[in-house]
Amino acid sequence: MGKSQGETVQDVYRRTQGVFQDATEFLHALDVLFVLGMLTIEVETGSISYA
């Protein structure tokens, strides 16, 4: 299952849950992707847009 525009942070966490040891590791990965400009997160809706 690949990434899709408009997924929420919760959707992505559920989809990738087996890849990360815990939610903290998942959030660190999101932080890195954000800093690298590979995604943005709409604060109000929690939806993710990929670059």
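In this structure, THR24 qualifies as at negative phi, of a type in the set (Ser, Thr, Tyr) and either assigned to a helix (DSSP H, G or I) or in contact with a helix residue (DSSP H, G or I) (Cβ under 6 Å, 6 or more places away or on another chain) (or both).
Residue count for the stretch 27-51, restricted to those that are at positive phi and either within 11 Å of the chain's Cα centre (by Cα) or outside any loop (DSSP other than H, G, I, E, B) (or both): 1. The set of residues in the stretch 1-22 being more than 11 Å from the chain's Cα centre (by Cα) and of a type in the set (A, V, I, L, M, F, W, C) consists of MET1, VAL19, PHE20.
Kindly indicate whether any position in the stretch 13-21 is open to solvent by less than 70 Å² (accessible area, probe 1.4 Å) and hydroxyl-bearing (Ser, Thr, Tyr). Yes, the stretch 13-21 contains at least one residue that is open to solvent by less than 70 Å² (accessible area, probe 1.4 Å) and hydroxyl-bearing (Ser, Thr, Tyr).
The values are calculated or read from the model by the stated rules, or taken from the named source; none is laboratory data. Note that the structure is predicted; figures quoted are calculated from it, not measured. As a convention, Cβ positions derive from the backbone with ideal geometry for all residues, glycine included, and neighbour counts pool all protein chains shown. Keep in mind that these areas ignore ligands, DNA and RNA; they rest on the heavy atoms of the full protein, side chains included. Shrake-Rupley method; radii C 1.70, N 1.55, O 1.52, S 1.80 Å.
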